[in-house]
Amino acid sequence: MPKRPRTSFFHFSCEVREAEREKHPELSFGDLSKLIGKQWAEMDTEQRQLYVDLEAADKARYAQEMLAYNGSTGEVGKKKRKAKKAGAGMRPKASGSDSKTRPGPPATTSSTVTPFFLARYPRIEKVANPPKISVRLLAALTISEFA
C-alpha cells in the first residue's frame, strides 16, 4: 500500500520542526506544534505556494502509485474492505419492537439462574385472570416480606 500524500502544512511542519526545536529545546512536542501552527497561520498565500506545489506533486505521486497498486481497476484511494455477514456479532435490543440490533454477545432466550430470594417459593402457574397490582405495591410487599 503506497504512503498517503502529505498536506501542505505537513510539508511545512517537517521542514521547520528541527530548526524550531533547536531554537526552543525547552518546548514539548505539543507546544512546538502549536508554535509551528501559529507560524503557518501567519503566512500569506505567496509564502504557502511552495508547500501547496509540494502537496500537488505528492498527490500526483500517490495517484500513480495507487494505479500501480490496484492494477487496471483505476480505483484511486479506495480501500478494500471485508464484507460483514448480516447480523454477525450483533444482538437484539432489550426492549421495543424495533428490528435494529446492537453489538455484543447474543442475548439469551431464557434465564438459567433463579435469583436466590425466589428459590424458596413455589413456581406460580399462569392464572386466567391475574390480579392487577402495581409495581410500587409489589415492591412494598416484597420489602416487607424480607424486613
Rounded accessible area of Ser144 (nearest 10 Å², 1.4 Å probe): 80
Heavy atoms of Asp53 accessible to a 1.4 Å probe, total area in Å² rounded to 10: 90
With DNA, RNA and ligands ignored, accessible area of Arg21 (1.4 Å probe; Å², nearest 10): 100
Paired Rg and Dmax values of the stretch 1-71, which use every Cα atom, in angstrom: 15.0, 49
Estimated FRET transfer efficiency (Lys38, Gln64; beta-carbon r; R0 41 Å; 0.05): 0.75
Listed residues Phe146, Phe12, Phe29 arranged by accessible area, highest first, probe 1.4 Å: Phe29, Phe146, Phe12
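The values are calculated or read from the model by the stated rules, or taken from the named source; none is laboratory data. If you're wondering where the values come from, they're calculated on a predicted model, not measured in any experiment. Here the Cβ is made from the backbone with ideal geometry for all residues, glycine too, and neighbour counts use every protein chain on show. What goes into the accessible areas is simple: the full protein's heavy atoms, side chains included, and nothing from ligands, DNA or RNA. Shrake-Rupley method; radii C 1.70, N 1.55, O 1.52, S 1.80 Å.
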